[in-house]
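Worksheet: the structure to be examined is printed underneath.
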């Protein structure tokens, strides 16, 4: 008998990185790494489960920038080239490690994974992984949802209602265009919620979203089931809180599974470890050493001393950890179900990029977990939030509290000394966009339309929460600052050109090609 | 003599450069050189090469002139709309105990201020922020300086509505208001005392770890 529900949610997102003129932008590697290490392995895991007739449910949130990049032919070609290069490197590595059996085993593993990636990416899905996700959705096992248009941190954009409306509407429209279905749920970027955002979700047909635990714990009135059930906002949209305990088991660097000594060490990569001349063709063309994804060591311990990775040991650990995770959820379900009139709902949302990239064995862990839940017990059942809402229509009405899943749980990460300067530009631009759109809508002028459509893209791209986050964490800060400034400058120049009644078409075409997210976007949403 | 020769060489080099640039530009497959008025269809063709948009606009004459680097510029009737950057102040909650404010001061505001309050009155007065706690009906004045354009304000007050007023205070005590912010609410930071009789909280469900806030993925990545 089902005593509790487990809802595993993977949120997949990367900022929109598209530089047609420069194929060597370091940041483009984020996409390459995530495709090889996260998205393909996650797809593969789901396929395995389906092929083995495992009944499971998984919710996957695909952010619109990620969807746009996965379906962009230029980026597809570049990824394929990258993948071919990595396969080439795997051949060289097989040869180089011929007489080192321990390393050779690990190289073989990468070699097989890369070849499998090629088959899935190129042969099976013709370079477009969205087809794979669509197929998973059609199987009924995976529910696809989306996130705000460019992953804007909505609580800090809220000054302009139109800006938040656009982030939601553009995302929903793009999802419909891509998958042909209305998304049931939306991932609020960084779980950033403030009362009122749910009204906009409602207007766009969204039935649920996720909040950090305290978003529900501090809700008004006090929720009956604490974090063990969703609450219904005044708008009617349901808010599902993140479970505290299970989050920690996976995320925490000290207590979490990914820190196990048998798991793969992320920070030892042949891009840094091997002889420069040998590895040169596989690192950045300017000779900058970067990660290649070939990592041969296990975490081993808390010191710099590292031993060679043993795929079998790691696999074993992933199975043990899946068992442990399931056991803890069973205990949770068993305990709380005694007091509740409905099965407790345990929501576990994670960044998809954790699985495979940071936690190399993460996808295996998901596979073990789903199999164990299906074959070994009947106390907990995996479920999607949509399914939950179908089964349980009587949801407590309450207003969630403003919150986010960032450090400290509020806006601190995205609004502090390193990044606070961006908001005056973002707010000002949103205001100008609104004014210009309201004026232009009265005319039937194709130049106004074209220029404002591009201005809207620039505004949306400037609003990505990623830029503020990168500025705060101190990694690739220059890139994040440049992107923010560039989109704002382009936006301002476009608005200026409208007012002057002239524009340099070469320049316009150039930015239309580069910042080409949301081809069917219509500026009128800002009016 | 030598300098004349140098000058001739320089001129020749420039000429060659211009010719080369001209050649590159006109022979590029993605560009067309036109020295006549172009038709609407052609204009559409040019504009639409990399873009799906149709156009019925006039292409400006600059397009067709020599000098490879001239803009391919189009003109259209300017869009008129109000687009002034006004003096304003914005308030944003950071967390339950802190708010952030930034402001923009339009030059016109300074000019009008001096017109109204006398020459140099701007410098003779000091900028201040007046923070209103709208929930508790209290106000606090924070002296700031003219180099700042934003400020973090510690309020230690969750779940309250605030607004902030930017103004200037003269040594005599007179206060002149420049801008009033939006209302912003600090986040709630505790469990609600409000209970819905139909949904009485189950004590056992509330015996969860009080740490409350889990680690986010970004945090994990940092570690």
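In segment A:418-447, which residues are facing chain B (nearest Cβ under 10 Å), farther than 17 Å from residue A:162 by Cβ and surrounded by 22 or more Cβ atoms within 10 Å (Cβ to Cβ)?
Scanning segment A:418-447 gives a single hit, A:447.
Quick check on segment B:161-176. Is at least one of its residues over 35 Å from the mean Cα position of the chain (by Cα), modelled with pLDDT of 95 or more, more than 13 Å from chain A (Cβ to nearest Cβ) and part of a loop (DSSP other than H, G, I, E, B)?
Yes, because at least one residue in segment B:161-176 is over 35 Å from the mean Cα position of the chain (by Cα), modelled with pLDDT of 95 or more, more than 13 Å from chain A (Cβ to nearest Cβ) and part of a loop (DSSP other than H, G, I, E, B).
Looking only at segment A:250-266, which residues are surrounded by fewer than 19 Cβ atoms within 10 Å (Cβ to Cβ) and either at the interface with chain B (Cβ under 8 Å from one of its Cβ atoms) or under 22 Å from the mean Cα position of the chain (by Cα) (or both)?
A:252, A:253, A:259, A:266
Can you spot a residue in segment A:274-292 that is touching a strand residue (DSSP E or B) at 6+ places or on another chain (Cβ under 7 Å), surrounded by 18 or more Cβ atoms within 10 Å (Cβ to Cβ), modelled with pLDDT of 95 or more and at negative phi?
No: segment A:274-292 contains no residue that is touching a strand residue (DSSP E or B) at 6+ places or on another chain (Cβ under 7 Å), surrounded by 18 or more Cβ atoms within 10 Å (Cβ to Cβ), modelled with pLDDT of 95 or more and at negative phi.
From the list A:424, A:483, A:435, exactly one residue is in contact with a helix residue (DSSP H, G or I) (Cβ under 8 Å, 6 or more places away or on another chain) and either part of a helix (DSSP H, G or I) or more than 23 Å from residue A:30 (Cβ to Cβ) (or both). Which is it?
None of the others qualify; the one that does is A:483.
Restricting attention to segment A:156-176, report how many residues are under 19 Å from the mean Cα position of the chain (by Cα) and touching a residue at least 40 places away in the same chain (Cβ under 8 Å).
Residues in segment A:156-176 being under 19 Å from the mean Cα position of the chain (by Cα) and touching a residue at least 40 places away in the same chain (Cβ under 8 Å): 7 in total.
Looking at A:223, A:258, which one is in a helix (DSSP H, G or I) and in contact (Cβ under 8 Å) with a residue 40 or more places away in the chain?
Values: A:223 fails: in a helix (DSSP H, G or I).
Just a single option satisfies the conditions, and that option is A:258.
Does residue A:79 meet the test of being farther than 18 Å from residue A:14 by Cβ, part of a helix (DSSP H, G or I) and modelled with pLDDT of 95 or more?
No.
Of all residues in segment A:448-459, count the ones that are touching a strand residue (DSSP E or B) at 6+ places or on another chain (Cβ under 8 Å) and facing chain B (nearest Cβ under 7 Å). Let's see the steps before the verdict.
Within segment A:448-459, the first condition is being touching a strand residue (DSSP E or B) at 6+ places or on another chain (Cβ under 8 Å), and the residues that meet it are A:451.
Those left that are additionally facing chain B (nearest Cβ under 7 Å): none.
Residues that pass the stated criteria total 0.
So residue A:235 passes all but one of these: (1) surrounded by fewer than 19 Cβ atoms within 10 Å (Cβ to Cβ); (2) modelled with pLDDT of 95 or more; (3) under 21 Å from the mean Cα position of the chain (by Cα). Which condition number does it fail?
(3)
Which of the residues spanning segment B:87-143 are without any contact (Cβ under 8 Å) to a residue 24 or more places away in the chain and in a loop (DSSP other than H, G, I, E, B)?
Selection gives B:106, B:118, B:119, B:120, B:137.
Checking residue A:327 against (1) within 22 Å of residue A:56 (Cβ to Cβ); (2) free of Cβ contacts under 8 Å to residues at least 24 places away in the same chain; (3) in a loop (DSSP other than H, G, I, E, B), which single condition isn't satisfied?
Failing condition for residue A:327: (3).
Among the residues of segment A:384-395, is there at least one that is under 25 Å from the mean Cα position of the chain (by Cα) and either buried (at least 24 other Cβ atoms within 10 Å of the Cβ) or in a loop (DSSP other than H, G, I, E, B) (or both)?
yes
Out of B:97, B:77, report the one residue that is within 29 Å of the chain's Cα centre (by Cα), more than 30 Å from residue A:422 (Cβ to Cβ) and at pLDDT 95 or above.
Residue meeting the stated conditions: B:77.
Would a scan of segment B:152-167 turn up a residue that is surrounded by fewer than 17 Cβ atoms within 10 Å (Cβ to Cβ) and in contact with a helix residue (DSSP H, G or I) (Cβ under 6 Å, 6 or more places away or on another chain)? Give the steps one after another, and end with the answer.
Keep residues of segment B:152-167 that are surrounded by fewer than 17 Cβ atoms within 10 Å (Cβ to Cβ), which gives B:152, B:154, B:156, B:161.
Then drop every residue that is not in contact with a helix residue (DSSP H, G or I) (Cβ under 6 Å, 6 or more places away or on another chain), which leaves none.
So far as segment B:152-167 goes, no, none of its residues is surrounded by fewer than 17 Cβ atoms within 10 Å (Cβ to Cβ) and in contact with a helix residue (DSSP H, G or I) (Cβ under 6 Å, 6 or more places away or on another chain).
When the residues of segment B:79-124 are narrowed to those that are touching a helix residue (DSSP H, G or I) at 6+ places or on another chain (Cβ under 8 Å), buried (at least 16 other Cβ atoms within 10 Å of the Cβ) and more than 29 Å from residue B:190 (Cβ to Cβ), which ends up farthest from the other protein chains (Cβ to nearest Cβ)?
Selected residue: B:121.
Looking at segment A:82-105, which of its residues are out of contact with any helix residue (DSSP H, G or I) (no Cβ under 6 Å at 6 or more places or on another chain) and not in a helix (DSSP H, G or I)?
A:98, A:99, A:100
Hand me the list of helices (runs of 4 or more DSSP H) wholly inside segment A:1-76 holding 2 or more residues that are within 24 Å of residue A:363 (Cα to Cα) and under 13 Å from the mean Cα position of the chain (by Cα).
In segment A:1-76, the matching helices (runs of 4 or more DSSP H) lie at A:28-34, A:64-70.
Look through A:451, A:380 and report the one residue that is touching a helix residue (DSSP H, G or I) at 6+ places or on another chain (Cβ under 8 Å), within 30 Å of residue A:327 (Cβ to Cβ) and in contact (Cβ under 8 Å) with a residue 40 or more places away in the chain.
Working: A:451 fails: within 30 Å of residue A:327 (Cβ to Cβ).
The unique qualifying residue is A:380.
Looking only at segment A:205-227, count how many residues are away from chain B (no Cβ under 14 Å) and buried (at least 21 other Cβ atoms within 10 Å of the Cβ). It would help to see each step written out before you state the result.
Keep residues of segment A:205-227 that are away from chain B (no Cβ under 14 Å), which gives A:205-209.
Applying the additional criterion that residues be buried (at least 21 other Cβ atoms within 10 Å of the Cβ) yields A:206, A:208-209.
Total meeting the criteria: 3.
Only one of these is modelled with pLDDT under 95, surrounded by 15 or more Cβ atoms within 10 Å (Cβ to Cβ) and within 12 Å of another protein chain (Cβ to nearest Cβ): B:202, B:223, B:208, B:191. Name it.
Result: B:208 is the single residue among B:202, B:223, B:208, B:191 that is modelled with pLDDT under 95, surrounded by 15 or more Cβ atoms within 10 Å (Cβ to Cβ) and within 12 Å of another protein chain (Cβ to nearest Cβ).
Report the residue count in segment A:475-493 for those that are in contact (Cβ under 8 Å) with a residue 24 or more places away in the chain and within 11 Å of another protein chain (Cβ to nearest Cβ).
1
Hey, any hits in segment A:337-360 for a residue that's buried (at least 19 other Cβ atoms within 10 Å of the Cβ) and over 23 Å from residue A:210 (Cβ atoms)?
Checking segment A:337-360: at least one residue is buried (at least 19 other Cβ atoms within 10 Å of the Cβ) and over 23 Å from residue A:210 (Cβ atoms).
With the checklist (1) within 9 Å of chain A (Cβ to nearest Cβ); (2) farther than 27 Å from residue A:451 by Cβ; (3) in contact with a helix residue (DSSP H, G or I) (Cβ under 8 Å, 6 or more places away or on another chain) in hand, flag the one item residue B:76 doesn't pass.
Among (1) within 9 Å of chain A (Cβ to nearest Cβ); (2) farther than 27 Å from residue A:451 by Cβ; (3) in contact with a helix residue (DSSP H, G or I) (Cβ under 8 Å, 6 or more places away or on another chain), the lone unmet condition for residue B:76 is (2).
Restricting to segment A:396-410, count the residues that are surrounded by fewer than 24 Cβ atoms within 10 Å (Cβ to Cβ) and over 21 Å from residue B:201 (Cα atoms).
2
One residue is enough: does segment A:403-415 have a residue meeting the conditions more than 14 Å from chain B (Cβ to nearest Cβ), within 24 Å of residue A:143 (Cα to Cα) and modelled with pLDDT of 95 or more? Can you show your working first?
Start the filter on segment A:403-415 by keeping residues that are more than 14 Å from chain B (Cβ to nearest Cβ), which leaves none.
Within segment A:403-415, not a single residue is more than 14 Å from chain B (Cβ to nearest Cβ), within 24 Å of residue A:143 (Cα to Cα) and modelled with pLDDT of 95 or more.
Looking for whichever is more than 30 Å from residue A:447 (Cα to Cα) and touching a strand residue (DSSP E or B) at 6+ places or on another chain (Cβ under 8 Å) here; the options are B:95, B:145, B:106, B:112. Which one fits?
Matching residue, one of B:95, B:145, B:106, B:112: B:145.
The values are calculated or read from the model by the stated rules, or taken from the named source; none is laboratory data. What you are looking at is a predicted structure, and each value in this text was computed from that prediction instead of being measured. In this analysis, Cβ positions are derived from the backbone assuming ideal geometry, glycine residues included, and neighbour counts consider all displayed protein chains.
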